[in-house]
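Okay, structure first, notes after.
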Amino acid sequence: MRAPKKALLFFILPFGLLFTAFYLAPILYAIKQSLYRVERTGTFGPAVEVFGGLTQYQRVFADGPFWESIGRVLLFGVVQVPVMLGLALLLALLLDSGLVKGRRFFRLAFFVPYAVPGVVAAIMWGFLYSPSLSPFDAVTGNVDLLSADLVLWSMANVVTWVYVGYNMLIIYSSLLAIPQEVYEAARIDGAGAIRTAWAIKIPLVMPAIVLTTVFSIIGTLQLLAEPQVFRTFSSAVSSTYTPNLTVYSTSSIPNFHLAAAFSVVLALATCLLSFAFLKVTQRGGDK
Amino acid sequence: MKRVTPMVVMGAATFYFLIPIWWLFVAASKSRSEFTGTTPLWFADFALTDNLGELFAYRDGVFLRWMLNSVVYTGGAALLGTILAAMCGYALAKYRFRGREAIFNVILGGVLVPATALALPLFLIFSRFEATNTFWSVFLPSLVNPFGVYLARIYAGASVPDELLEASRLDGSGEIRTFFTISSRLMFPALVTIFLFHFVAVWNNFLLPLIMLGEERLFPVTLGLYTWNTQVNQLPELRMLVLTGALVSIVPLVIAFLLLQRFWRNGLGSGAIK
């Protein structure tokens, strides 16, 4: 349909302006800031911003703790995302299998943690992990869940706890959208519940799984609230524990130019990773 | 046997998902001395009302102020943001014009840009105008939700037939009136889904208020609870306030989520399949 210009402007302009001001402008501004550096004449001279080319990026790439933190969240993602989505898929398939009574109750129960914001979830689990306060003192008395070795996985558990229900719901919704006729042939062939799930259901809900994976990858690289909160519970979480914590602590020094460069690199890495994942899975689907 | 294993799995999962919330409820009902001395998963003397009274009275009721802030930040931004995203997505779905695909692709690219990457540059821009540490510095950026535009375009394409728009044009109704009286009604279930997505995104965005806000009275409840929690070691009496506050902060959301759950299911399904 063609539209009168006025109406078109009315529909698109409000969002367009806000998107430009609060999405595009910050991105461009971050890139610009990352190309500058502060120069002082003498130790106490006035600070002047001068064009620095790629100096900040050299510092980013030479920054050991930053790349360690990237490695940490990647390790986190490689383990946590499959565990979380595997659990979500299993629960969705069970809900859909007809083998379970009280489906409505379970669906609601699994979804409740999603209503808990990351900060509050982290505070709650922080208490549950601490040896003196935890109801699970049989565990926390013997294993220090907040130690340097384990705290990453303790956080992985918090993220998993919050998001399994949400991902399950996405997968479950697309399971419900599969027309019943698809199962006829399987039933005639005498395929059991597990075989039906494996050979029919999982391939059909693959788009939903891809979608949830991309969102999870984006989320993992952005990890902030959980480690930030855990810093009060565990000394093992440093101020550069995740990339976003690095951005935050660099900007509170304050070194905005370097922090902007960190932001740009992180945003690019996130885009590339989700884009690469989308491409790889699409190619797999073409075969 | 065939039915036992699935039920056991479901039971274990229910336990995992609900026990922390049960613990929080029990913990928030205890007095400070009983919190450490009694069984963590069962009630002692029920002191929830005392704790609530203390929480709401602490420092002139700053907690209630935080709750109110959160409602305005998240509810307001999600409501307004959903309308804006719906209008834009609708126009991109229903009208043909030059540059349509280009605009859509730029917005779609925005979906892949993590919101936290924007927080720092937003802070720098707002500080140019000396507008950091204000209500607007958190509210305005929270209005923008490119994923909402993406969803609105899909839903508008699927649920608003062209014939209907042509018919209302013949009836002499303007495009804008048609949108608000007819199309938005057809899109309503989808709009609730976009609203919920947006709501959660703003509710969970922690870095933006953390970077932007210095004044306590402007904090959303998540930032407020976070600040209290960092002070627990110096001020031990804050611990019970953090726990009670955590409980209070999630109750309205849990109720809202449970009431609106069918919208999640329907909306997410159609969004994920495309």
For A:Y163, all conditions in the list (1) closer than 25 Å to A:A267 by Cα; (2) at the interface with chain B (Cβ under 8 Å from one of its Cβ atoms); (3) of a type in the set (F, W, Y) hold save one; what is the number of the exception? (2)
Scan region A:74-101 residue by residue and report those that are part of a loop (DSSP other than H, G, I, E, B), free of Cβ contacts under 8 Å to residues at least 60 places away in the same chain and surrounded by 14 or more Cβ atoms within 10 Å (Cβ to Cβ). A:V100
Give me the residue from region B:80-102 that is surrounded by 14 or more Cβ atoms within 10 Å (Cβ to Cβ) and over 11 Å from B:V149 (Cα atoms) and, out of that set, nearest to the chain's Cα centre (by Cα). B:L80
Could you list, in sequence order, the residues of region B:172-185 that are surrounded by 16 or more Cβ atoms within 10 Å (Cβ to Cβ) and closer than 26 Å to B:A256 by Cα? B:S183, B:S184
Within region A:1-45, the count of residues that are part of a loop (DSSP other than H, G, I, E, B), hydrophobic (A, V, I, L, M, F, W, C) and at the interface with chain B (Cβ under 8 Å from one of its Cβ atoms) comes to 2
When region A:114-134 is checked residue by residue, the ones that are of a type outside the set (A, V, I, L, M, F, W, C) and over 19 Å from B:L258 (Cα atoms) are A:G126, A:Y129, A:S130, A:P131, A:S132, A:S134
Sole residue being of a type outside the set (D, E, K, R), more than 9 Å from chain A (Cβ to nearest Cβ) and in contact (Cβ under 8 Å) with a residue 40 or more places away in the chain, chosen from B:L165, B:L122, B:L196, B:L207: B:L196
Take the residues in region A:102-126 that are more than 23 Å from the chain's Cα centre (by Cα) and assigned to a helix (DSSP H, G or I), then tell me which one is surrounded by the fewest Cβ atoms within 10 Å (Cβ to Cβ). A:R104
Residues that are more than 20 Å from A:L75 (Cα to Cα), of a type in the set (S, T, Y) and within 12 Å of chain B (Cβ to nearest Cβ): list the helices (runs of 4 or more DSSP H) wholly contained in region A:177-280 that include at least 3 such residues. A:243-251
Would you pick out the residues in region B:9-47 that are within 17 Å of A:S130 (Cβ to Cβ), more than 11 Å from chain A (Cβ to nearest Cβ) and in contact with a Phe, Trp or Tyr (Cβ under 8 Å, 6 or more places away or on another chain)? B:K30
Does any residue of region A:186-199 turn out to be among the hydrophobic types (A, V, I, L, M, F, W, C), under 24 Å from A:F111 (Cα atoms) and out of contact with any strand residue (DSSP E or B) (no Cβ under 7 Å at 6 or more places or on another chain)? yes
Give the residue that is surrounded by the most Cβ atoms within 10 Å (Cβ to Cβ), with candidates limited to residues of region B:118-171 that are assigned to a helix (DSSP H, G or I) and among the charged types (D, E, K, R). B:R153
Answer from A:V119, A:V112, A:V159, A:V139 - the residue that is without any contact (Cβ under 8 Å) to a residue 40 or more places away in the chain and out of contact with any Pro (no Cβ under 9 Å at 6 or more places or on another chain): A:V139
Condition test on B:V221, is it more than 8 Å from chain A (Cβ to nearest Cβ), among the aliphatic types (A, V, I, L, M), buried (at least 23 other Cβ atoms within 10 Å of the Cβ) and under 21 Å from B:L143 (Cα atoms)? yes
Residue list for region A:70-117, restricted to those being touching a Phe, Trp or Tyr at 6+ places or on another chain (Cβ under 8 Å), closer than 20 Å to B:T5 by Cα and within 7 Å of chain B (Cβ to nearest Cβ): A:L91, A:V100, A:A109, A:F110
Residues of region B:89-137 that turn out to be in contact with a helix residue (DSSP H, G or I) (Cβ under 7 Å, 6 or more places away or on another chain) and among the charged types (D, E, K, R), as a count: 2
Looking only at residues that are within 18 Å of A:N167 (Cβ to Cβ) and not β-branched (V, I, T) in region A:214-256, which one is surrounded by the fewest Cβ atoms within 10 Å (Cβ to Cβ)? A:F215
Please state which of the following conditions A:S134 fails to meet, knowing it meets all the rest: (1) touching a residue at least 24 places away in the same chain (Cβ under 8 Å); (2) of a type in the set (S, T, N, Q); (3) facing another protein chain (nearest Cβ under 9 Å). (1)
Unique residue being among the hydroxyl-bearing types (S, T, Y) and free of Cβ contacts under 8 Å to residues at least 24 places away in the same chain when the list is A:S251, A:S238, A:S174: A:S251
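Every number here is computed from the coordinates shown, using simple stated rules; none is lab data. All values derive from a computational prediction rather than experimental measurement. Using ideal geometry, Cβ is built from the backbone for each residue, glycine included, and neighbour counts are taken over all protein chains shown.
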